[in-house]
1. Take the alpha carbon gyration tensor of the range 52-184, find the square roots of its eigenvalues, order them as a ≥ b ≥ c, and report rounded if a/c is under 1.5; if not, report prolate when a/b exceeds b/c, else oblate.
2. Which GluC sites (Glu not before Pro) from the range 119-196 combine a DSSP loop assignment with at most 13 other Cβ atoms within 10 Å?
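Read-outs: derived from the displayed coordinates by stated rules, not from any lab. Here the structure is a predicted model, which is why all the values come from computation and not from measurement. Heads up, the Cβs are rebuilt from the backbone with ideal geometry, glycines too, and the neighbour counts pull from every protein chain shown.
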Amino acid sequence: MKFSIQSNQSYSFVSKAFSAKETVNLDISVSRKNSFFCSCVGVSNTYVKYDLNNGAGTAKLKLNKVFAEIEKAISSANPTSDLKNQWVRQECITMPSSEINKLLDTVCINLRGTIKKESKASIFSSVSSMQSAELDVNSAQSSIKHVITGNHSVKKTIAKLQKNCETNEKKNLLSNAIVNDIAERFYDKTCGQVKLSAVRQQAVNAFMSEFNIKQELNPSPFGTVRESRHFD
């Protein structure tokens, strides 16, 4: 199957196809607060605030507490230091790999196409090389998200905000957005050498390069110019 792209700016058109069509209006902000005790030991509390639909619903999470609970759950499932280290190493491979696969799945859905195995492998290889990160093209699901989904504090926050959602679809989108946000923050803290945001951007760049989609430096000033491209 071939992709078919029609747009006055192909690069811009394809770039938008990496974003899910259905989203939730969720603003996320981070703040740090020092208590007297925290100041004495040189530690600050970090809070993340979720604002749904411009103030229709808000909730705040203490990241320090959530991260500590996640660490405890991981240690409980991996009782020895070797098992825990092995789990962390694998997650540092799985998480960015699953993010790339999710991006590629999204662009395929939005463009109604498929990507050959060779092209997919080439995209992964490019990201791995540019980010100096070990990746697995077959990774589809990060296990850390399961841990986060089961966390009491996270479930409480999601449930509070879901009261302001009109449909089950919006509730699911909200839940996924919060879990993904916490998972990314935990990944960046635990596997900090490579940021997920950089991995995603490099995956988009690698896709564009793989299919020779070039960014227009000087868009035409003469209105809409339609062009059609087909590529494997």
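1. oblate
2. Filter output for the range 119-196: E134, E166.
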